[in-house]
Amino acid sequence: MAARAEAASRRQWRRRLPGYSLIQSTHGLQRVMLLVGAGLMAIFILAALTADWVSPYDFSQTRYQGVPFGSQQPPSAEHWLGTTVAGYDVFARVIYGARTAMMVVVLSVAASIILGVGLGVVSGYLGGWLDRVLVLVTDALYAFPSLLMAIIVSIVVSGGSSNALGGVTSAALAITVIFIPQYFRVVRNATISAKTEPYVDAARVAGSKPARIMFGHVLPNVSQTIPVLTTLNASESILTLAALGFLGFGIEPSSAAEWGYDLNKATTTDVANGIWWTGVFPGLAIVLVVTGVTLIGESLNDVLNPLLRTRGGATTTADEAELAAVVMAQVADRRAPLERDPAALPEATPATGETRLGDGQTASGENGGRP
């Protein structure tokens, strides 16, 4: 009894862990993808949170105790990943660049969800002229080239120069403008289908206000695809931020570390001279973060999409097994009376095509017997 109680308490403790139920709902390659993606993202999130303690130098530091680092120094014990042409420590730039990337991703995705989902629910539920205007505006934004839109918004917001706060804000706002139409289109289409459901009519009859119906009843039923779209947008926001920095419209290097800017300087000044470490490590950081977010998104899509939940083959969930058992029990209950009394089965006469129902009654077949 003590062993069973201990095992039960251990299972309850595991169920309280964040993400445990999500991991349990996956299997095979799907679980491997989720764990690898979550591991990669955990490393970069931890690096972003502890950059001040992990990095031996500041991202804009070029000397230590009055001694310059030196330009384009190879990896060594003093500088694990070498130095850049400007004398910055590459390891410090990569670690602090994770903080900049995570800040921009969180701000841009959160703002896009709030604005895009909110406008999508309101537009799809109310309809009318408001819906037509919002659809026209978002379609125009969606048809505009995303990177060009981000560059224009960044120039307008930052004025061509960006400090730490202004650079992060302008980059996040530029990316937000790109993502709002995506959330709007997905949620609006789902809301148009959901507002004709019986539970919405029941809420109207009960006297619920439109705001409560939209955000209390409709929104929870149209938000299944938002987590998957969020992961896809997170990876796209990292690539957009890197593109802005690579093209020179990102954050100033003395204000914050940014991988795209470092990659630009590496390709223009170091590649031709055989200096590989200044470009490999920022580029590798971009690839690993995007890979981690993409793996998580693919796993979430498999978990949340009912058509893909049993993609692993014969593996079935407990709910599916229970449903199959209930169906088989119902079939057995219906067959039991016929097995006990075979006379209850319909009996057809070959001569007339009539079917004998019992008690002397007959029914005409398709080609025999008269009414």
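The table below gives the values:
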{"quantity": "Residues of region 193-226 classified as assigned to a helix (DSSP H, G or I) and surrounded by fewer than 16 Cβ atoms within 10 Å (Cβ to Cβ), total", "calculated": "14"}
{"quantity": "Residue list for region 119-130, filter: surrounded by fewer than 17 Cβ atoms within 10 Å (Cβ to Cβ) and either of a type in the set (Gly, Ala, Ser) or in contact (Cβ under 8 Å) with a residue 12 or more places away in the chain (or both)", "calculated": "Leu126, Gly127, Gly128"}
{"quantity": "Answer residue from region 78-93, given it is at pLDDT 90 or above and of a type in the set (A, V, I, L, M) and is surrounded by the fewest Cβ atoms within 10 Å (Cβ to Cβ) among those", "calculated": "Leu81"}
{"quantity": "Residue check for Thr310: surrounded by fewer than 21 Cβ atoms within 10 Å (Cβ to Cβ) and modelled with pLDDT of 90 or more", "calculated": "no"}
{"quantity": "Lone unmet requirement of (1) more than 21 Å from Met102 (Cβ to Cβ); (2) surrounded by fewer than 19 Cβ atoms within 10 Å (Cβ to Cβ); (3) not small (Gly, Ala, Ser) for Val186", "calculated": "(2)"}
{"quantity": "Unique residue being farther than 16 Å from Trp259 by Cβ, basic (Lys, Arg), modelled with pLDDT under 85 and surrounded by fewer than 16 Cβ atoms within 10 Å (Cβ to Cβ) when the list is Arg10, Arg63, Arg31", "calculated": "Arg10"}
{"quantity": "Unique match (being surrounded by 13 or more Cβ atoms within 10 Å (Cβ to Cβ), of a type in the set (A, V, I, L, M, F, W, C) and at pLDDT below 85) among Ile23, Ile45", "calculated": "Ile23"}
{"quantity": "Residues (among the small types (Gly, Ala, Ser) and farther than 16 Å from Ala285 by Cβ) located in region 240-262", "calculated": "Gly248, Ser254, Ser255"}
{"quantity": "Conditions (1) more than 20 Å from the chain's Cα centre (by Cα); (2) more than 19 Å from Gly127 (Cβ to Cβ): number failed by Ser237", "calculated": "(1)"}
{"quantity": "Among residues of region 65-101, those that are in contact (Cβ under 8 Å) with a residue 24 or more places away in the chain and of a type in the set (Asp, Glu), counted", "calculated": "1"}
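Residue-wise test of (1) among the hydrophobic types (A, V, I, L, M, F, W, C); (2) within 15 Å of Asn189 (Cα to Cα); (3) in a helix (DSSP H, G or I).
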position: Ser108; (1), (2), (3): no, no, yes
position: Ala111; (1), (2), (3): yes, no, yes
position: Val117; (1), (2), (3): yes, yes, yes
position: Arg132; (1), (2), (3): no, yes, yes
position: Leu148; (1), (2), (3): yes, no, yes
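The values are calculated or read from the model by the stated rules, or taken from the named source; none is laboratory data. It should be emphasised that the depicted structure is a prediction, and the values quoted were computed from it without experimental measurement. So basically every Cβ, Gly included, is an ideal-geometry build from the backbone, and we count neighbours across all protein chains shown.
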